[in-house]
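Each value in this text was obtained by applying a stated rule to the coordinates, not by laboratory testing. Since the model is a prediction, treat every value here as computed from it, not as a measurement. Cβ placement follows ideal geometry from the backbone for every residue including glycine, while neighbour counts extend to all protein chains displayed.
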Amino acid sequence: MLMTVLYAASGAVGLPVLAIKAKARLELSRAKHRSLTGHARMGRRVASLIPFYDYDEDQFFQSDDAPADVAARRREAFMRLSDLYRQRFPRSVALTKEAAAGVSDLQFTSHYRVPFQYSRVVQQYLPTGSFLASSSGVTVTDLDGNVFYDLTGSYGVNLFGHDFYKECIDRGAERVRDLGPVLGAYHPVMAGNVERLRAISGLDEVSFHMSGTESVMQAVRLARYHTGRSHLVRFCGAYHGWWGDVQPGIGNPTPADNTYTLADMSERTLQVLRHRKNIACVLVNPLQALHPNQPAPADSSLVDSGRKAGFDRAAYTEWLKALRAVCDERGIVLIFDEVFVGFRLAPGGAREFFGVQPDLITYGKTLGGGLPVGVLCGRGDLMRRYSPDHPVDVCFARGTFNSHPYVMGAMAEFLNRIDAPDIRDQYEGLDRLWNSRTQNLNARLQAGNFPVKVDNLSSIWTISYTRPSRYNWMLQYYLRAEGIALSWVGTGRVIFSLNFTDGDFEAVADRFVAACEAMQKDGWWWANATATNKTIKRRILREMWTHRRFLRFGR
Ligand SMILES: Cc1ncc(COP(=O)(O)O)c(C=O)c1O
C-alpha cells in the first residue's frame, strides 16, 4: 500500500529510487521483533519515561488486591523468613552491607533482584549476602558456615565443578611459574592451546583476549575490516557482552547506529540479509535457542507470569542452517558467540551440537580454566590484521594481558582435562540426562499443582510460571532458605555444573519442591480468578501513569 502511494505520487525520475529505499526500510522494519526488546531506540525512550515508585509495607503484600486474610498470611510468612535470614546469614549480610557503599556493582545487583516496586522492602527484610568463604564439589559455603547447592554456575564458567577449576589454576600456575607474569613474549603452553582450539573450532587461527566482550569486539571489527561493510546484525534479546555496538538498547546511554537488531528465527530477517548491502556480520548467541527473541530472563522483570521459554533443537538447527546459507550467498561473516555455551553443549560446542560451521567463533568463561579470558577462533582470511597490498591499512587489536602466562597455563590444563575419560563420560548422553532430570522435576511440580515450570537447554535452566501472579520472584528467597544458591538474576537463569550426581540432583529437586510448597502455603500464589498477565500489566501501567503525573505536579 505504502509502495503504491509512493509510486503513484512520483511521476518524477527520482522517485522510483525513493520507492526502492522505502521498500528496503519497510523490509527492515518488518524484520524487527514486535516487542520493545526488538526496538532498541523505542525501548530506551520508554525506559526513560517510567517513573520510580515503590510499595509501602501494606501495598507490598496486597499489590494484586488479595483479600486481607491472604495479605496477613503473606506478611506473617515474610517476617518469619526475615527472622530466619537474620539468624542464618548475619556475617555474610553484615559484610555485604558494609561493602556496598563502596561497590557500585553490589548496589546495582542488590537493587535489581526483584521488580523495583518491591525492592526497598525486600532489601530491608531479606538482605542477601554476596560474600562466600569456600566452594567444594557442587556446593558453596557462606561466611556463616551455611552450605548451598550452587546453581549460580559462576555466570556459566562453572561447567565441571569448583574443584576442577581449582586444579586447573593450581597446575596451570605450576606449569608457568618459571616465566611468571612476563607479557609480550609467550609461554610455550600457548602454542599447545592454539593447536587444541583449532581442532575444537574447526577454524584456522586463534587470538586471545581478556574477556568475552573483547573477543566479540574483535570478531565484529575483523568482519567489518574484511567485508568493508558497516553493520552488524544481532538478534532480539541476545547478550554479547557490554560493548556498545552489541547492546543497542536499555543499558547503553548512546545509540548503536551500526547495529541492526532483528527477529530471531524469522524469514523476514533472512530477507533483510539477502537484500541489504551494508551487513558485515551476523552474531548468534546459541543460548537464545532456549528463549528466542527474549532478553536474558531476570527476576527483576518478573512482574507477571509472562516469561516463556522452550528449546526446539530441530527448529533452531534449521534456522542456523538457513543463516549459514544466506551468509554464504551474500558474503556475510557468520559469528557464533559461544562465550556462554561453548563446551557446555558438547566438547565441540554449539557448532558440533547443531552441526553448523560458522566463520568466526568466540569463546570465554569456562575455557580459562577458572581465570578470565576471551578467545576468538576464525578462518585465516578473516583473522588477518593487515592488508598485503596496503601496508598501512591494518586492523588494530591489542590488550596488555592477552595471552597472560597464568591464563594460558590454566587453559592448557582445562583443554587437557576435558580429554580425560572421566570428563568425556560426563558428555556421554548429556542432553538426555538433563532433559530427563528436567522432566522429572516438572512432573513433581505438576503433581503438587505448583504454577512453576522448568525449561532447559542442556544444563541451563530457566524457570517460568504458569498462572498469573505478581509474586513469582519471591521463590528465589524460599529457594535460598532451602539452601540453594542462585545468582542475582534469581530464577531466570539457573546453571548446573555437570558434576551434579543423581543424588545431588534429587536433593536439589526435593528442596525445590519444598520451596514451592512453602510459597504456596504462604499465599503468594493466590490469584484473583479473573487475573491474567494482561490485567496485571495494565494495572502496573496505571500505577506508572499515576506516579508520572504525580511527579510532574511535584516538580
Ligand atoms: C554470549 C556471551 N557473549 C559475551 C559475553 C561477555 O563476556 P564477558 O563477561 O567475559 O565480557 C557473555 C557474558 O555473559 C556472554 O554470555
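Can you give the calculated 222 nm mean residue ellipticity of the chain, where each DSSP H run of n ≥ 4 adds -39,500 (n - 2.57) and the sum is split over every residue, rounded to the nearest 500 deg cm²/dmol? Display every interim value, and only then the final one.
Numbers: 21 runs with 258 residues, N = 555.
So the calculated ellipticity at 222 nm is -14500 deg cm²/dmol.
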Here Rg/Rh (Cα, Kirkwood) for the chain equals 0.99
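Please arrange Ser82, Ser464 by counting, for each residue, the other beta carbons lying within 10 Å of its beta carbon, fewest first. Kindly include the intermediate steps, with their values, before the conclusion.
Numbers: Ser82 17, Ser464 21.
Ordered from fewest to most neighbouring Cβ atoms within 10 Å, Ser82, Ser464 come out as Ser82, Ser464.
Which of the peptides 534-542, 326-334 is most tightly packed, and how do the rest follow, going by the mean number of other Cβ atoms within 10 Å of each residue?
Working: 534-542: 14.0, 326-334: 17.7.
Ranking the peptides 534-542, 326-334 by packing returns 326-334, 534-542.
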Taking amide H atoms as placed 1.01 Å from N in the peptide plane, list the residues 5 or more away in sequence, or in a different chain, whose amide H sits under 5 Å from that of Tyr386.
Cys395
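Hey, can you rank 433-440, 418-425 by average C-beta count inside 10 Å, highest first?
On the way: 433-440: 15.9, 418-425: 12.1.
With the highest mean Cβ count within 10 Å placed first, the list reads 433-440, 418-425.
Could you put Tyr53, Tyr478, Tyr239 in order, starting from the residue whose Cβ has the fewest other Cβ atoms within 10 Å? Walk me through the numbers before you get to the answer.
On the way: Tyr53 15, Tyr478 22, Tyr239 18.
Neighbour counts put them in this order, fewest first: Tyr53, Tyr239, Tyr478.
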Just the number, please: percent antiparallel of the DSSP beta bridges in the chain, rounded to the nearest 5.
65 percent
Do the alpha carbons of any pairs in Lys32/Lys534; Lys277/Lys321; Lys21/Lys308; Lys277/Lys308 sit beyond 27 Å of each other, and which pairs?
Lys21/Lys308; Lys277/Lys308
Highest first, please rank the peptides 304-317, 449-462 by the mean number of other Cβ atoms sitting within 10 Å of their residues.
449-462, 304-317
What residues from the range 481-510 fall in the zone where the backbone N is under 11 Å from a label point 7 Å along the Cα-to-C-beta line of Asn440?
501-510
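Shape call for the range 91-172 from the C-alpha gyration tensor, a ≥ b ≥ c root eigenvalues: rounded (a/c under 1.5), prolate (a/b greater than b/c) or oblate? Walk me through the numbers on the way to the answer.
Numbers: a/c = 2.17, a/b = 2.01, b/c = 1.08.
Here the range 91-172 falls in the prolate category.
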Quick check: from the Cα gyration tensor, does the range 228-328 come out rounded (a/c under 1.5), prolate or oblate?
oblate
Compute the distance from the alpha-carbon center of the range 264-298 to that of the range 467-515, in whole Å.
30 Å
What is the sum of charges, Lys and Arg at +1 and Asp and Glu at -1, for the other residues whose Cβ falls under 14 Å from the Cβ of Gly342?
+1
Taking the range 212-296, which trypsin sites (Lys or Arg not before Pro) meet the DSSP loop condition and have no more than 15 other C-beta atoms within 10 Å?
Lys277
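Which order results if Leu36, Leu320 are arranged by neighbouring Cβ count within 10 Å, fewest first?
If I rank by nearby Cβ atoms, fewest first, I get Leu36, Leu320.
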Around Gln446, under 13 Å between beta carbons, what's the net of Lys plus Arg minus Asp minus Glu among the other residues?
+3
Scalar couplings 3J(HN,Hα) for the range 435-446 by Karplus 6.51 cos²θ - 1.76 cosθ + 1.60 (θ = phi - 60°), nearest whole Hz, x for Gly and Pro, are 5, 6, 4, 5, 4, 4, 5, 4, 5, 5, 5, 5
